[in-house]
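A.B. asks: I am attaching a structure below and will ask some questions about it afterwards.
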Amino acid sequence: MSKVTNEEIIGLITAKFGDKVIIEGEPYGMLTVETSREAIIEFLGFLKEDAALKFGFLTDITAVHYPDLEKQTGVVYHLHSLVNNIRIRIKVFLADGDVHIPSATVLWDGANWMERETYDFFGVDFVGHPDLRRILNVDDMTVFPMRREYPLEDPNRVDKKDYFFGR
Amino acid sequence: MQNHPVFTDNDPQSELSTLNLGPTHPATHGVFQNVLQLDGERIVSGVSTIGYIHRAFEKIAEHRPFYQITPLTDRLNYCSSPINNMGWHMTVEKLLNIQLPKRVDYLRVIIMELARISDHIVCNGVLGVDTGAFTGFLYMMEFREHIYEIYEEICGSRLTTNVGRIGGFERNFNEIFFSKVRKFLVDFPKGLAEFESLFNRNRIFIDRTKGVAAVSPETALSYSWTGPILRATGVDYDVRAMNPYSSYQDFDFEVPVGTRGDVYDRFLVRNEEMKQSMRMIDQALKMIEKEDPTIFHADVPEYYLPPKEEVYNNMEALIYHFKIVMGEVETPVGEVYHSVEGANGELGFYLVNDGGRSPYRLHFRRPSFINYQMYAPMSRGMLLSDAIINMSSLNVIAGELDA
């Protein structure tokens, strides 16, 4: 199947980045690594340009919110090497109140809307993004709804009170 | 890439005019708004506004048990719901490490390829409508109806199918289903040939589509394009071939690619994909005959909802039924990314599970969303009428765009 193995990728990454990139594991076969926002663009650029790896295809950018962790917001990148047919997942965790990370639009044009979506739902500030606006939610929304502290429904809703249903 | 609104000049001397294309314009086939600045008929710049039918599926999914997320996936790309349903089931099966019997895989392939055909029928038919040829659309709609009748046989629904379960299908496929599929395989090639003879060498159609919105493979990859529009540029990336799921590796099929990445190539690629889909359905029908005809789900009682009559008469089934419905089933903690080749691109599911009742986080990698972001930049310098057919050839579905 794939022409390079996860072990070879780990070897190349640790040789170049040392302890700047932490290998998390291989859940369900996909190599997962963690890095810092200082190293992220250099790391993504290395994965994209390296002659042996060629992770040239940006599959997805999203985020996950972990309110119990010290660094609450995890930005998750999925890259795909179409040449070697292997995927990699990269995570960067950001502390609350300091949720910014360099934009990947310098590497991929397609990162534009993915980062806008991540900003829209998690409030991640992508520094250097050409047009960081809300994309799916209304412009005058003040919260970032996919963060865990926001419930699915507004608890102040009055149109679903029991007396409307004769209860 | 400059994507900002640029309509700041209120210069009365300006010759440019602003046009609101959408949100509900008959030519946009959905709620898409593009604010275009026009110089005569030529587009100078444009800004896309999306999110008109955003329904917060990712948030809802964090509050639903796994089996209740299937209906949400229906409403992503509603032109080919079964692919979304199967993609979601397979994501959960990957998380739970469920191995499916071959027959289930092949049945899924039949359903998914029928869905792909129905999606391409709509896309290519509408492309014909937008270039002024209504006939092809009407001819092809008949076959979409046949596909929907096939869906009805297995799940009772037509558009939002909610077909299948985690671990297989809710019931075995009946003989009417198979006879309808066989009849479809005989009838559809004739219809497709007729459709192609209306368009493929039609001077007007070629003039309207050839060289329009041509995209280079480098640009397409940089914008993370997937699906037929990427393959039209010449990149042979197809999830079914690269990362086979649901036993696609057992099938003999080709990945059609274009050369110029224009609207005409996208049209041809989709037509060719329909033929490949028929090939696969034909092979699946033959391979199923060698499998045990009573198998339609994996033997995983702790995850697969048991049939109702067993729930009433069998203690174990009652327990499992209760545990599944009440969300008491143990699920492994972990994160999984699974993608399927949707009708318009790579449909990915990024699932983070904390062992609870619902996903901790579920993200849909929606091809429409990612493919559509190039629409405004690529419209620059294009004629308005070309921008319209470009939009229909991208096969962007509003439900998937806005999730």
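Coordinate-derived values only; no laboratory data. Bear in mind that the values here come from a model prediction, so they are computed numbers and not experimental data. Here Cβ is always computed from backbone atoms with ideal geometry, including for glycine, and neighbour counts include all displayed protein chains.
A.B. asks: Once both labels are modelled 7 Å past Cα along the beta-carbon direction, what's the residue B:152-residue A:131 spacing in nm?
C.D. replies: 4.5
A.B. asks: How would B:18, B:209, A:142, A:35 line up from fewest to most surrounding beta-carbon atoms within 10 angstrom?
C.D. replies: A:142, B:18, A:35, B:209
A.B. asks: Would you kindly calculate the translational diffusion coefficient of the range A:1-117, applying Stokes-Einstein with the Kirkwood radius from alpha carbon pairs, for 4 °C and a viscosity of 1.567 mPa s, and quote it in µm² s⁻¹ without decimals?
C.D. replies: Reported coefficient: 89 µm²/s.
A.B. asks: Now a separate question. Determine which lysines satisfy two conditions relative to residue B:180: a Cα distance under 29 Å, and not lying fewer than 8 residues away in the same chain.
C.D. replies: B:102, B:190, B:275, B:286, B:290, B:308
A.B. asks: Taking the simple approach of a point 7 Å from Cα along Cα-to-Cβ for both residue A:159 and residue B:141, what is their distance in nm?
C.D. replies: With each label placed 7 Å out from Cα toward Cβ, I get 3.3 nm.
A.B. asks: Counting only helical runs of four or more DSSP H residues, what would the 222 nm mean residue ellipticity of the protein assembly as shown come to if each run contributes -39,500 (n - 2.57) and the total is spread over all its residues?
C.D. replies: -12000 deg cm²/dmol
A.B. asks: Report ³J(HN,Hα) in whole Hz for each residue of the range B:124-135, in order, from the Karplus equation J = 6.51 cos²θ - 1.76 cosθ + 1.60 where θ = phi - 60°; Gly and Pro get x.
C.D. replies: 5, x, 5, 4, x, 4, 6, 8, x, 10, 7, 4
A.B. asks: I want to verify a result. In a Gaussian network model of chain B, Cα cutoff 10 Å, which of these has the top mean-square fluctuation: B:313, B:124, B:84?
C.D. replies: B:313
A.B. asks: Collect residues whose amide H, placed 1.01 Å from N in the peptide plane, falls under 5 Å from the amide H of residue B:346; neighbours closer than 5 in sequence don't count.
C.D. replies: Here B:226, B:227 satisfy the definition.
A.B. asks: Starting with the highest mean, order B:73-81, B:99-107, B:325-333, B:131-139 by the number of other Cβ atoms within 10 Å, averaged over the residues of each peptide.
C.D. replies: B:73-81, B:99-107, B:131-139, B:325-333
A.B. asks: Now a separate question. Calculate the mean, over all residues of peptide B:332-338, of how many other protein chain Cβ atoms lie within 10 angstrom of the residue's Cβ.
C.D. replies: For peptide B:332-338, the averaged partner shielding equals 5.
A.B. asks: For helix A:40-49, report the angle its Cα long axis makes with the longest principal axis of the Cα atoms of chain A; keep it between 0 and 90° and round to the nearest 10°.
C.D. replies: Tilt relative to chain A: about 50 degrees.
A.B. asks: How crowded by other chains is B:44-55, given as the mean number of beta carbons from other chains within 10 Å of each beta carbon?
C.D. replies: Partner Cβ neighbours, averaged per residue: 2.
A.B. asks: Also: Return the distance in nm (one decimal) between the two label points of a simple spin-label model at residue B:175 and residue A:69, each offset 7 Å from Cα along Cα→Cβ.
C.D. replies: 5.7
A.B. asks: Please report B:247, B:216 as a ranked list, fewest other C-beta atoms within 10 angstrom at the top and most at the bottom.
C.D. replies: B:216, B:247
A.B. asks: While we're on this one: Can you work out the FRET efficiency for the pair residue A:7 and residue A:39, with r the C-beta to C-beta distance and R0 = 22 Å, to the nearest 0.05?
C.D. replies: 0.55
A.B. asks: Fully extended, how many nm does the chain gain between residue B:16 and residue B:201 (0.36 nm per residue separation, minus their Cα-Cα distance)?
C.D. replies: Result: 62.9 nm gained on full extension.
A.B. asks: Okay, moving on. Give the Kirkwood hydrodynamic radius (Å, one decimal) of the range A:62-115, defined as one over the mean of 1/r across all pairs of different Cα atoms.
C.D. replies: Averaging 1/r across every pair of different Cα atoms and inverting gives 12.5 Å.
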